[in-house]
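The structure appears below as structure tokens.
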Amino acid sequence: MAWSVTARCDYDPSVPGDETFADVLAANAAYACSFPHNGLEARAAQGLAVLTCERVMLIAHTDCRMTRREDELHAAVRDAGGPDTRDFVFLAAEDQEATVRADVELLRSSPYLTRVRVGGFRYDVETGRLNELT
Ligand SMILES: [Zn+2]
């Protein structure tokens, strides 16, 4: 697949709301200006979780298969040559934004994370831009 470079510099570098993730969002906005990866398949290539001591960013992404119906996920696994998963529940969530908000609230209410600031975001796989949801 050919990658293309598309300039998307129509953003306001100031970030509204609280400043918890302003540095990350500003860096992301600059990154998205020359985002070279639009058109890639929306698949988690690294399966990576990044944890720090002070802030947690819970990040969903656009074009996520986990926003489809359970039967579509079972069919996708089958079509990819995988096992019969029909007795497995993927916990797919068609309302991705509501799921992010609920997960953020769960983390924020944890007695083990009282010093951690938590935010919910959606990464746009077409633009490289992070959008704050919570
Ligand atoms: Zn996904």
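Observations
- Diagonalising the gyration tensor over the Cα atoms of the stretch 22-132 and scaling each eigenvalue by 5 before taking the square root yields semi-axes of 27, 21, 11 Å, largest first.
- Net charge in the neighbourhood of Val116 (other residues with Cβ under 10 Å of its Cβ; Lys, Arg +1, Asp, Glu -1) is +3.
- In this structure, the amide hydrogen of Thr134, modeled 1.01 Å from its nitrogen in the peptide plane, lies closer than 5 angstrom to those of Gly120, counting only residues at least 5 positions away or on a different chain.
- At R0 = 25 Å, FRET efficiency that the Cβ-Cβ distance of Ala26 and Glu54 yields, to 0.05: 0.90
FYI, it's all coordinate maths here, none of it is from the lab. On a predicted model such as this, the values are computed, not experimentally measured, just so you know. Heads up, the Cβs are rebuilt from the backbone with ideal geometry, glycines too, and the neighbour counts pull from every protein chain shown.
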